[in-house]
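The values are calculated or read from the model by the stated rules, or taken from the named source; none is laboratory data. Since we're looking at a predicted model, the values are computed, not measured. Because the Cβ atoms are built from the backbone with ideal geometry, glycine has one as well, and the counts that use them run over all protein chains shown. Just the protein is used for accessible areas: all its heavy atoms, side chains included, with ligands, DNA and RNA removed. Shrake-Rupley method; radii C 1.70, N 1.55, O 1.52, S 1.80 Å.
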Amino acid sequence: MEALKERILKDAVVKSGGVLKVDNFLNHKIDVELTEQIAGEFYNRFADKKVTKVLTIETSGIAVAYPVARAFGVPLVYAKKNESVNMDGELYVAEIPMDGRKPGKVIISKKFLQPEDHILIIDDLMANGYSLQGLISLVELAEATVEGLGVAIEKGFQEGGHRIRNLGYELESLVIIDALDDKTGEIIFRSPEE
């Protein structure tokens, strides 16, 4: 997606350790017009799927997933990383590794995921794919169907995309980054035919 690539080149910041900061337009300060374009692209890529809900994880995934849910005309559900006092009833809980740190979890009220649901999972950025794996686990616990997964930016030099695709799910990444150079700030994108 050219508009997203251009914005990454213009405003993203490359940090050491393979970190790409996109907080100036995607996951802290939100460029609403860009997220609408992203939603349109996801809609086009998954238009043939039967989608009854869009699922994401708090917090930064919400800004990207919201216009996608609106494009499909379905509810947006987001998993929480911690149980809160306002969560009632039974919960689905999936443990996930957190990028080399202690394990985390994703939680959702059972009333929001039903066996008859067809879920499109959306997130803003994927590195190791742990968050997406956690969301897939929640859908599986609910005995619902994963129709596909979409991420705005995939860090192709990390293992997440490979891991998710090897699970047999359709994963659509709007932009795949093959390398980041924190010394020069260079960002190398994967060409579409790769």
- Can you give the net charge of the other residues whose Cβ lies under 13 Å from the Cβ of D11, counting K and R as +1 and D and E as -1? +2
- How do H28, H118, H162 stack up against each other in accessible area, from largest to smallest, with a 1.4 angstrom probe? H28, H162, H118
- Computed about the Cα centre, the charge dipole of the stretch 79-162 from +1 Lys/Arg and -1 Asp/Glu charges at the Cβ has a magnitude in debye, to the nearest 20, of 360
- Query: Carbon and sulfur atoms: what percent of the 1.4 Å accessible area of the chain do they account for?
  - Reply: 47
- Message: Using 0.36 nm times the number of residues separating S109 and N86, minus their current alpha carbon distance, what extension gain do you get?
- Response: 7.2 nm
- To the nearest 0.05, the calculated FRET efficiency linking F157 and R45 through their beta-carbon distance, R0 being 25 Å, is 0.65
- Query: In percent, how large is the relative contact order of the chain, given Cα pairs closer than 8 Å and 6 or more residues apart?
  - Reply: 19
- Message: Among T145, S109, A39, which residue has its Cα furthest toward the positive end of the charge dipole of the chain, with +1 on Lys/Arg Cβ and -1 on Asp/Glu Cβ?
- Response: S109
- Query: So for the pair N166, T184, with labels modelled 7 Å out along Cα→Cβ, what separation do we get in nm?
  - Reply: 3.1
- Note on the structure: Per residue, accessible area of the stretch 60-184 with a 1.4 Å probe, heavy atoms of protein chains only, in Å², comes to 46
- Rounded to 5, percent antiparallel among DSSP beta bridges of the chain: 40
- Note on the structure: Sorted on mean Cβ neighbours within 10 Å (highest first), peptides 144-156, 103-115, 61-73 come out as 144-156, 61-73, 103-115
